[in-house]
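Here it is, the structure in full.
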Amino acid sequence: MPKTVKTLFVYGLLLTAAFFLGKICFEYVWPPYFGTAVNKTNEANKDFVYLIEEIKEQAKLATVEYSGPVIIKFNDQTNLELFKLPIPVPGTKREYVAVGRGKVVAGIDVEQISITNTAGDSVIVQTPKPQILYKMIENDSWEILVNNSFFRKMTIEEIHVLESEALTDYAKQAEQSGILDTADKKAKDVIRQVLKKSGVNDIQFQ
């Protein structure tokens, strides 16, 4: 076979091989299906993490506030015991009455929210019990209505103790009003809304 013919034959084989190689590269996806499935799984996991973070952010705002007057009513007197009977010592009676503005806020600890995707668009949500997040007396809201004493003046330390006890009693009053149940319902409503917007229809709370 002449040299020119051989050369043309070799070129023809190379062109044919290049054609089929190019066809394979364009028609087949690389990496194969396994790699693509892993990427989709990773994306789904990221979306689920973002969803949980959004739920926590929204639930953090789902608090319930109880506010109103906090009242201090205090009186005492020094007594001497005479024949097992209390005898008031003149000039030792004290009376203190004050009113302040209190605030109690209830909610849930969002870091304890747990969401399990059971199947399809079904999830189980575990939420912690609601609690008092904080309680406070508004700054400079105390108004002293009565402060009667003669020999025994009320000290700053005694007044602070009375204010603290009054705030504790006020928080108990807030709990008795149902603030914790309201906070629990509000948090679950917010979580339910976020999940439904993301396409979850079957939501169970535990």
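The values are calculated or read from the model by the stated rules, or taken from the named source; none is laboratory data. What you see is a predicted model, and the numbers here were worked out from it, not measured in a lab. As a convention, Cβ positions derive from the backbone with ideal geometry for all residues, glycine included, and neighbour counts pool all protein chains shown.
Can you tell me which of 124, 113, 132 is in contact with a Pro (Cβ under 8 Å, 6 or more places away or on another chain), over 14 Å from residue 163 (Cβ atoms), hydrophobic (A, V, I, L, M, F, W, C) and surrounded by 13 or more Cβ atoms within 10 Å (Cβ to Cβ)?
Answer to the selection: 113.
Take residue 38 and decide whether it is at pLDDT 75 or above and not acidic (Asp, Glu).
Judged against the criteria, residue 38 is not a match.
Take the residues in the range 156-194 that are crowded, with 17+ Cβ neighbours inside 10 Å and among the small types (Gly, Ala, Ser), then tell me which one is farthest from the chain's Cα centre (by Cα).
Here the residue is 166.
Could you grab me the full set of residues in the range 195-204 that are farther than 19 Å from residue 109 by Cα and surrounded by 12 or more Cβ atoms within 10 Å (Cβ to Cβ)?
196, 198, 200, 202, 203
OK, next. Which ones in the range 72-111 are more than 16 Å from residue 136 (Cβ to Cβ), assigned to a strand (DSSP E or B) and among the β-branched types (Val, Ile, Thr)?
87, 97
Okay, moving on. Across the range 137-155, which residue is farthest from the chain's Cα centre (by Cα) among those that are farther than 30 Å from residue 90 by Cβ and exposed (fewer than 13 other Cβ atoms within 10 Å of the Cβ)?
140
Checking residue 71 against (1) under 18 Å from residue 188 (Cβ atoms); (2) surrounded by 14 or more Cβ atoms within 10 Å (Cβ to Cβ), which single condition isn't satisfied?
Condition (1) is where residue 71 drops out.
Okay, next question. Among the numbered criteria (1) closer than 30 Å to residue 178 by Cβ; (2) small (Gly, Ala, Ser); (3) at pLDDT below 85, which single criterion is violated by residue 91?
Failed condition: (1).
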